[in-house]
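Asks: The structure that follows is given in the form of structure tokens.
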Amino acid sequence: MRLFPRSAFARTVALIAFLLLINQIVSYVMVGLYVVKPSLQQISSVVAKQVQGIIVLDRWLGEQDLSTAEKRLLAKRYTDAVGIDGFTEREALANDLTNASTYNFLSDQMSQYLAADTEVRIAQGEIYYVWIRTESLDGYWLRIRLDTFDEARFSPLLFYLILIGGLSVLGGMWFTNWQNKPLKSLEAAAAQVGRGEYPDELPERGSTEVIAVTRAFNQMTQGVKQLEQDRALLMAGVSHDLRTPLTRIRLATEMMPPNEDYLAEGIIGDIDDMNAIIDQFIDYVRIDTHADSDCENLNYLVEDVVGHVPETWQADIVVNYGEMPEIPVRAISIKRVLLNLLENAERYGGGRVLIETGYSADKEKVWVTVSDDGEGIPAAQIEHVLQPFTQGDKARASKGSGLGLAIVKRIVERHGGRITFGRSSKLGGLAVRIELPSIKAANC
């Protein structure tokens, strides 16, 4: 699992977030050292002076020849004036001392100011109380009410840092998304070109580098589109021109004397093969678009193709239909895929063909598998046989143009699907699996 983001958008956002995190940490530390810490030191100094005043008063009262009532009266007047209450250990516990939290930083500072071991606790509630116990007043707790010591006053700093950080990250995400939007459009258009479709010219926007890439892509798309149109026109013209002399040859052959029927049948068979090859050429260069798509159930297409196979075929075709939703496909093209696969199974198989269909809801895929009981295709030759005008090893017949699987691959990829080859577990021969996305269109 890679933790480092791979896309430019994610990397940019991660970089902005990392830099902001460093900035926030440094800002928080600097504010803590130069704003919060001096304030706490001032508060500690003021509190320490008040405690020192209590200690001095306690020592002075101990030196004076006064009655206990008079000493308590003087102590009470002083503590009321400075806002300090004195409690024994038991009285302090009864006044919620256990809910006060110890602050080591303040304890250390107070110990330095009072030159004695001191413990400082703070009770946080509607009113903030500072509890102090020092060796100079052994057995007593002093409670000081601090209206000015309110941690909530430091919360705007934290809120400010969080707000600035969040807004910066969101702004960075918006800017990066705006910067990458032309690249996303370029990616989508490139995927369309890869499927044999030609989108409208992309608007030139974004940075100068992106504009230059978009302009070059538009020029390339127009060039590829023109090349494809010229190739289709050339192939259509050649096919048309070839059919005319082939038709004349066929007519002349059919007019041959009866004693030369064996020769005429061979010529007519060759003419039929040539016409089939020409049809494959046309199928390979034909350009079909999503505008030709209709909502179809592949089970019905399989049934239609199997029901119209030539009567001359000797293979025993068995079909196992699975659950199948309707998906947007170009029916004629998918039928061509199925027919080409069945032709290969009939031609190279041993007489048995198995067709299976199914639907994977979790993967959002529909699939069709065509299996035979032939020798199959070696794994090393799979990529080779998918190329135009190529065939399998010598063990397989050389009949045909070598465009059958190339046409299948081209049509499947234009539908956003994929084709895989394997060994059939049921028949032992070649198993060709076609997978198509099952995401429904709005009109399905």
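The values are calculated or read from the model by the stated rules, or taken from the named source; none is laboratory data. Because the structure is predicted, anything quoted here is derived from the model rather than measured. We work out accessible area using only protein heavy atoms, side chains counted, and drop any ligands, DNA or RNA first. Shrake-Rupley method; radii C 1.70, N 1.55, O 1.52, S 1.80 Å.
Asks: Where does each of Thr357, Thr420 land when they are ordered by accessible area, with a 1.4 Å probe and the largest first?
Replies: Greatest to least solvent exposure: Thr420, Thr357.
Asks: Would you rank His384, His308 by solvent-accessible area, highest first, keeping every protein chain in place and using a 1.4 Å probe?
Replies: His308, His384
Asks: Here's a follow-up. Using a Gaussian network model of the chain with C-alpha springs under 10 Å, which one of Thr118, Thr68, Thr214 is most mobile by mean-square fluctuation?
Replies: Comparing Thr118, Thr68, Thr214 in the GNM, the peak value goes to Thr68.
Asks: Per-residue accessible area for Leu242 at 1.4 Å probe radius, Å² rounded to 10?
Replies: Estimated to the nearest 10 Å², Leu242 gives 80 Å².
Asks: Rounded to the nearest 10 Å², what accessible area does Leu19 have for a 1.4 Å probe in the complete protein model?
Replies: Around 100 Å² of this residue is reachable by solvent.
Asks: Inverting the mean 1/r over all pairs of different Cα atoms, compute the Kirkwood radius of the chain and quote it in Å.
Replies: Every distinct Cα pair counted, the radius reaches 31.1 Å.
Asks: Rounded to the nearest 10 degrees, what's the angle between the helix 261-285 long axis and the longest principal axis of the chain, both from Cα atoms, 0 to 90?
Replies: Computed tilt is about 20 degrees.
Asks: May I ask for the distance between the Cα centers of segment 344-380 and segment 96-125, given as a whole number of Å?
Replies: Each part reduced to its Cα centre gives a spacing of 80 Å.
Asks: Arrange the residues Tyr128, Tyr359, Tyr103 by how much accessible surface each exposes, largest first, with a 1.4 angstrom probe.
Replies: Tyr359, Tyr103, Tyr128
Asks: Give the accessible area for Phe159 in Å² (nearest 10); use a 1.4 Å probe, count only protein heavy atoms, and leave out ligands, DNA and RNA.
Replies: Phe159 exposes around 130 Å² with every protein chain in place.
Asks: What number, in percent, do you get for the relative contact order of the chain if the mean sequence gap of Cα pairs under 8 Å and at least 6 apart is divided by its residue count?
Replies: This gives 10 percent for the chain.
Asks: Measure nothing fancy, just the Cα-based angle from helix 37-63's long axis to the longest principal axis of the chain, in degrees from 0 to 90, nearest 10.
Replies: The angle comes out at about 20 degrees.
Asks: By DSSP, what percent of the beta bridges with both residues in the chain are antiparallel, rounded to the nearest 5?
Replies: 90 percent
Asks: Now for a different question. Distance check, please: which entries in Lys365/Lys409; Lys37/Lys71; Lys365/Lys426; Lys184/Lys225 exceed 28 angstrom between their Cα atoms?
Replies: Lys37/Lys71
Asks: Right, something else. At a Cα cut-off below 15 Å, give the aspartates and glutamates reachable from Lys76, other chains included and same-chain residues fewer than 8 away excluded.
Replies: Asp58, Asp85
Asks: Output the Cα-based Rg and Dmax of segment 82-133 in Å, rounding Rg to one decimal and Dmax to a whole number.
Replies: Reported Rg and Dmax, both Å: 11.2, 32.
Asks: Nearest 10 degrees is fine. How inclined is helix 68-82 to the longest principal axis of the chain, computing both from alpha carbons?
Replies: 40 degrees
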